[in-house]
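One structure is given below, encoded as structure tokens.
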Amino acid sequence: MKVQKRLILFIILLLLSAAFISGCGEKQESSQQTSSQSGEKDKIVIGAALPDFDDKWLSYLQDGMKEYEKAQKDVEVIYVDAMNDASKQLSQVENFIQQKVDAIVLVPVDTVSAPEMVNKANEANVPIVVVNRQYEGVENATAYVGSESIKAGLMQMEEVAKLLNGKGNIAIMNGQMGHEAQIKRTEGNKQIIEKHPDMKVVLEGTAEWDRAKGMTLMENWLQSGKKIDAVVSNNDEMAIGAIMALEDAGKLEDVVVAGIDATPDALEYVKSGKLKVTVFQNAKGQGQGGLEIAIKAAKGENVEKFNWIPYELVTKDNVEEYIKKWQ
Amino acid sequence: MSSQVSVVDKREKSKVSSSSKEKVSRILNRYGMLFILIALIILMSILSPTFFTTGNLLNIVRQMSVVGIVAIGVTIVIITTGIDLSSGSVIALVSVAAASFAHPDTYPLIVPIAIGLGLGLLTGVINGTIISKAKIAPFIVTLGMMTAARGAALLITDGRPVGNLSDSFKFIGQGSVLGIPVPIIIFGVVGLISYILLNKTKFGKYVYAIGGNEQAAMIAGVNVDRYKIFVYGYAGLLSGVAGIILTSRISSGQPTAGVMYELDAIAAAVIGGTSLAGGIGAIGGTIIGALIIGVMNNGLDLLNVSPYWQQILKGVIITVAVFIDSRKNRKS
């Protein structure tokens, strides 16, 4: 009996550790890469500090980097995941500096802790390229690659205003409050709404970037009895949640729903006409651009301080083009 | 084995009757929170004319059914002085696994359901086995499962959602029977089964006995290890049920689903009068606790309260509700 119990416990531990090892696979891979690289000095080694491997959009950004990496000779990129922990990211950046990588690509966990990381890299004379998340003082970094969040909000709302002929009641669905993208996208929305005297914000709430929460919020809004002409969401997942709630209530025909990100799921909703507007933030483009600039900086070439990857408006008319991009 | 159990049962009876005082306070707990729920409903009805409508009330219960089902499992775990932090991540794992087998014209409906429930049960049994056999604190074990299950969900899907689900699968979360949304029916059935389990069976007696005094229960002959595995297994199974409903409701398996649901579930249990010190708690109380959270979320949305204030108000209301409740208990 006792032996059997121990055996069971052993098997469980084995399974758990197997799960653990496979989960940490990517990290191990990267540490192996570093050790193999220390011997070959002619290779350019780039350290890529990403906030969260689990984030869908960021995984596309990482894909962009990986694709660009493959197309290059003698470039190896070490990817590390900060798991949305700023202090972890700081130590990862410090490790990169210790490992003497040729350049760092940094997608900051948050914009408060980023300047410290940039300073550390500058002190050690390691070029550092900040990607995707902009903050005040980002010019201290070697370069910035990204899109201006506020432009997405402006572009999204302009299209909605056009669809509503410049008048109507707007409900704004915010992402996680306090995120840079939430603040700027909503700010962009409101700037456009202010320009139209017949448009006003009647409802505003947060669904924390999440589809299920977007659905719940929309259901509650529908219960409020307020007239809503458009739901303008900070991202697509929440917009899809809103669409599902509106469909359930049979009111999707009367409401324009707009999102941002142009995720593959969202593009299907655009294609079927349920999601009227989304905005494509070029994840792969940003990843590729970030790595490209980092490699240039590593080679000692001059780079532009600000490198804007433009947003693109996606509607039913051009959706096919974007569906192809994800394939 | 059956003779062994019946002996245990006799020994248990004397112990359970001595805890009838606890039972009284448990009942008080339940009705105290019911009063707060009714007060909240009256307040919201005055503030918002559209709050007290059949549509909206059904809406609230449907929205809370996922967290409510998880909270029922968590309640039983907390009664044994344990905790389960893995529920939200298990929901995500179940969500992507079930969704992967729920595409139209592939497998019959039973396959994704069985996989979802089986996976939930498995994670719970692993939790329970490690907690009871290896004697590691439940907080740590379920924290480990929380991380590992989320990792597994992301691993399976490469971090991306799984869409294109069959209509029969979608019915679980989106359909209605006789005007009642299916999630509410499942919530009710789960509540009823759990109530019977906890109040009418030996299992329930032992759960309270373990929570009241684990050492005494063990001396009285309760196979504490086995019941702990049952309890965590049941909590895992209910996370599986919740995961299937959530997936069906949003028509997609999401590896990022269910974030923080474990804390909402624990909050519902605690608001509902479950004591984190163990031994005290009831299914009815937890359902009321879940409804209090649901009414708050819904009411604050209806009133268009700013998202910043919503967070502050929710925190205040949860703390005040539990404070009033604990005062009342002390007086009694």
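The values are calculated or read from the model by the stated rules, or taken from the named source; none is laboratory data. The structure presented is a predicted model; accordingly, all values stated were derived computationally and were not measured. Heads up, the Cβs are rebuilt from the backbone with ideal geometry, glycines too, and the neighbour counts pull from every protein chain shown. Areas reflect the complete protein model, heavy atoms only, side chains present, ligands, DNA and RNA absent. Shrake-Rupley method; radii C 1.70, N 1.55, O 1.52, S 1.80 Å.
A few notes on this one:
- Tally, over segment B:136-177, of residues that are among the polar types (S, T, N, Q) and open to solvent by 50 Å² or more (accessible area, probe 1.4 Å): 5
- Meets criteria (within 14 Å of chain A (Cβ to nearest Cβ) and under 18 Å from the mean Cα position of the chain (by Cα)) for B:G128: yes
Here's the yes/no breakdown for (1) more than 25 Å from A:G205 (Cβ to Cβ); (2) basic (K, R):
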residue: A:S224; (1), (2): no, no
residue: A:K227; (1), (2): no, yes
residue: A:A230; (1), (2): no, no
residue: A:A245; (1), (2): no, no
residue: A:E253; (1), (2): no, no
residue: A:V277; (1), (2): no, no
residue: A:A297; (1), (2): yes, no
residue: A:E304; (1), (2): yes, no
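- Residue satisfying all of: in segment A:245-278; open to solvent by less than 10 Å² (accessible area, probe 1.4 Å) and within 11 Å of chain B (Cβ to nearest Cβ); nearest to A:E219 (Cα to Cα) among these: A:A245
- Close pairs (9 angstrom Cβ cut-off, 6 or more residues apart or separate chains): farther than 21 Å from A:G175 by Cα and open to solvent by less than 10 Å² (accessible area, probe 1.4 Å) in segment A:132-154, part of a loop (DSSP other than H, G, I, E, B) and not charged (D, E, K, R) anywhere: A:V138/A:T111; A:A141/A:P127; A:A143/A:P127; A:A143/A:V303; A:Y144/A:Q134; A:V145/A:N132; A:V145/A:I309
- Search result, residues across segment A:181-229 that are facing another protein chain (nearest Cβ under 7 Å) and either assigned to a loop (DSSP other than H, G, I, E, B) or touching a residue at least 60 places away in the same chain (Cβ under 8 Å) (or both): A:S224, A:G225
- Residue selected from segment B:275-311 under the condition β-branched (V, I, T), within 14 Å of chain A (Cβ to nearest Cβ) and over 14 Å from the mean Cα position of the chain (by Cα), by the criterion farthest from B:G211 (Cα to Cα): B:V305
- Qualifying residue in segment A:101-108 (condition: modelled with pLDDT under 90 and either open to solvent by 60 Å² or more (accessible area, probe 1.4 Å) or within 15 Å of the chain's Cα centre (by Cα) (or both)): no
- Restricting the search to helices (runs of 4 or more DSSP H) fully inside segment B:182-274 and requiring at least 2 residues that are closer than 15 Å to B:T75 by Cβ and away from chain A (no Cβ under 14 Å) gives B:182-200, B:202-212, B:224-249, B:261-271.
- Candidates B:I180, B:I196, B:I219, B:I210, filtered to the one that is open to solvent by less than 40 Å² (accessible area, probe 1.4 Å) and aliphatic (A, V, I, L, M): B:I210
- Some residue of segment A:230-239 being away from chain B (no Cβ under 14 Å) and not polar (S, T, N, Q): yes
Each row is one residue, and each column tells you yes or no for (1) under 30 Å from B:I46 (Cα atoms); (2) surrounded by fewer than 23 Cβ atoms within 10 Å (Cβ to Cβ); (3) small (G, A, S).
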{"position": "B:M260", "(1), (2), (3)": "no, yes, no"}
{"position": "B:L263", "(1), (2), (3)": "yes, yes, no"}
{"position": "B:A268", "(1), (2), (3)": "yes, no, yes"}
{"position": "B:L276", "(1), (2), (3)": "no, yes, no"}
{"position": "B:G281", "(1), (2), (3)": "no, no, yes"}
{"position": "B:L291", "(1), (2), (3)": "yes, no, no"}
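- Residue check for B:V90: open to solvent by less than 20 Å² (accessible area, probe 1.4 Å), under 14 Å from B:K228 (Cβ atoms) and in a helix (DSSP H, G or I): no
- Hits in segment A:155-180 (condition: touching a residue at least 40 places away in the same chain (Cβ under 8 Å) and within 14 Å of chain B (Cβ to nearest Cβ)): A:N169, A:I170, A:A171, A:I172, A:M173, A:N174, A:G175
- For segment A:51-71, a residue qualifies if it is polar (S, T, N, Q) and modelled with pLDDT of 90 or more, and exactly one does: A:Q62.
- Some residue of segment B:143-156 being under 28 Å from A:R211 (Cβ atoms), at the interface with chain A (Cβ under 9 Å from one of its Cβ atoms) and of a type in the set (S, T, N, Q): yes
- For segment A:298-319, a residue qualifies if it is surrounded by 11 or more Cβ atoms within 10 Å (Cβ to Cβ) and more than 30 Å from A:K100 (Cβ to Cβ), and the qualifying residues are A:W308, A:P310, A:Y311, A:E312, A:L313, A:V314, A:T315, A:K316, A:N318, A:V319.
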